[in-house]
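Below: the structure, in structure tokens.
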Amino acid sequence: MIKDWVLEELTVDQKLEPMVKSPITKVQLAQYAGASGDFNPLHLDDGFAQKIGMDGVIAHGMLVMGFLGEYVMKIAGKEARVANFKMRFGKMTVPGDEIRCSGVVERTYEEDGKRCIALELTAEKVSGEVVGAGSAILQLT
Amino acid sequence: MDLDKSVIGLTSDEYVFEVESRHVGQFATAIGDDNPLYTDDRYAKESAYEGLVVPPTFPIAMNDGKVEMPVQLDHRRMLHGEQEFLYYKPIRIGDQLRCQIKVSDLYDKEGKSGKMQFLKLDTEMKDEAGELVCISRMNIVYRAAKN
């Protein structure tokens, strides 16, 4: 990801350079299950997933939020803290999907003497299918 | 069985969660998040966080796997619709945080497939001084029971 801007100089409606993740793998879902404690077989066992009508396992929604979190922290860099971060879960993602994270500056304002930047975030498949929408507030120090 | 408003305010037992370096490392690796703020002490000290922190979604992993939820829910009817984190203080490796899950809201909406309920579960995390560090807010869509 190329960071060709300075946080303090971001303006409303400015689009931020997207970040594209490597394709999701089944090994990654196992790693995420272990690290998060979410061992729902829907994410780990193809047989189980097929029994409830899926083609196979689906990714943890929180893994995709983790990608957006990685993106937000990259935008915040060394200069800002993240004060709030949220995401609405939309379409499912499956192994092989490549997720692109992108953001746009929604507004900038001052609060308690600190400059804040509100971002709107999108996670989508590289095909353009949106899988989640979110927002974050960065607080410059 | 549907939930009613009396569940609002119910809380789980409090549990203590210790933030361990290996756990944080595994969590960041699973995501593929290589931000030096989680691993490079010198880099992190010069940052707005003034020290190492954990990935922003790490609080979702801060369950001890044993605590009983404040309400009994049928997992087949649950859908994690939205997740929000409210950060008050940085979470550091070595922190021992006191956590408690609380039902903060419940409301109904008519959906295409009948009545749906929306449940807000807040996990509040406090430090040893009792100050709020983070709230992990889970918005759950609770679908109507099939007859």
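The values are calculated or read from the model by the stated rules, or taken from the named source; none is laboratory data. Predicted model, so just to flag it, every value in this text is computed and none were measured. Surface areas here come from the heavy atoms of the whole protein model, side chains and all, with no ligands, DNA or RNA. Shrake-Rupley method; radii C 1.70, N 1.55, O 1.52, S 1.80 Å.
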- Item | Amide proton proximity set for A:Arg107, modelled H, under 5 Å, gap of 5+ | A:Ala118
- Note on the structure: Phi-derived 3J(HN,Hα) across segment A:120-125 with the Karplus relation (6.51, -1.76, 1.60, θ = phi - 60°), rounded Hz, x for Gly and Pro, is 9, 10, 9, 10, 9, 6
- Item | Alpha-carbon Rg with Dmax, taken over segment A:11-140, Å | 16.3, 55
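Accessible area per residue, 1.4 Å probe, Å², for the protein assembly as shown: what's the number?
Normalised by residue count, the accessible surface of the protein assembly as shown is 50 Å².
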- Item | Ratio of the Cα radius of gyration of segment B:5-143 to 2.2 N^0.38 Å, where N counts its residues | 1.18
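What does the convex hull of the alpha-carbon atoms of segment A:27-73 project to on average, in nm²?
Mean shadow area of the hull around the Cα atoms is 3.4 nm².
Sorted by accessible area (1.4 Å probe), largest first, how do B:Met125, B:Met116 line up?
Heavy-atom accessible area, descending, gives B:Met116, B:Met125.
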- Query: Applying the Karplus parametrisation 6.51 cos²θ - 1.76 cosθ + 1.60 with θ = phi - 60° to the phi angles of segment A:36-53, what ³J(HN,Hα) value in whole Hz is obtained for each residue in order, glycine and proline being reported as x?
  - Reply: 8, x, 9, 9, 3, x, 4, 9, 10, 10, 4, x, 5, 4, 5, 5, 9, x
- Geometric extent, Cα atoms of the protein assembly as shown - Rg, Dmax (angstrom): 19.0, 59
- Which cross-chain or sequence-distant (5 or more) residues have an amide H under 5 Å from the amide H of A:Phe89, H modelled 1.01 Å from N in plane? B:Glu82, B:Gln83
